[in-house]
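The values are calculated or read from the model by the stated rules, or taken from the named source; none is laboratory data. Note that the coordinates shown come from a computational prediction; the quantities given were computed from them, not determined experimentally. Cβ coordinates were reconstructed from backbone atoms using ideal geometry, including for glycine residues, and neighbour counts include every protein chain displayed.
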Amino acid sequence: MKPAIVQIPPMFLARANAAAFLSVSESMLDQLVARGEVAKPKKLSPGRSAWLVDDLVTFGRTRPESDLLPPANSGYGRAGKPD
């Protein structure tokens, strides 16, 4: 019998990974934290901090729906723009 494969999601993410998780740059993550929109990182040990994944998920789930239109050159593929 094969042993079961268990996947354990991370509890914390370092700055670069937290930014990638939210699909933003590291500087944008810093701005969001400074404005109080994203929770501050948690202190893991002296000199080490990281973001709690649950805090990042909560931020993402509470974002409003986008009212931005897609770029003009997207979504038509090879068929071209419909008439």
**Item:** So residue 16, is it out of contact with any His (no Cβ under 8 Å at 6 or more places or on another chain) and either surrounded by 12 or more Cβ atoms within 10 Å (Cβ to Cβ) or modelled with pLDDT of 95 or more (or both)
**Value:** yes
**Request:** Answer yes if at least one residue in segment 32-47 is hydroxyl-bearing (Ser, Thr, Tyr) and at pLDDT below 95, and no otherwise.
**Result:** no
**Request:** Working only within segment 49-83, note down all residues that are at pLDDT 95 or above and more than 14 Å from the chain's Cα centre (by Cα).
**Result:** 49
**Request:** Among the residues of segment 52-66, write down those that are assigned to a helix (DSSP H, G or I) and not acidic (Asp, Glu).
**Result:** 53, 56, 57, 58, 59, 60, 61
**Request:** Name every residue in segment 19-51 that is among the charged types (D, E, K, R) and either surrounded by 15 or more Cβ atoms within 10 Å (Cβ to Cβ) or part of a loop (DSSP other than H, G, I, E, B) (or both), in order of residue number.
**Result:** 35, 37, 40
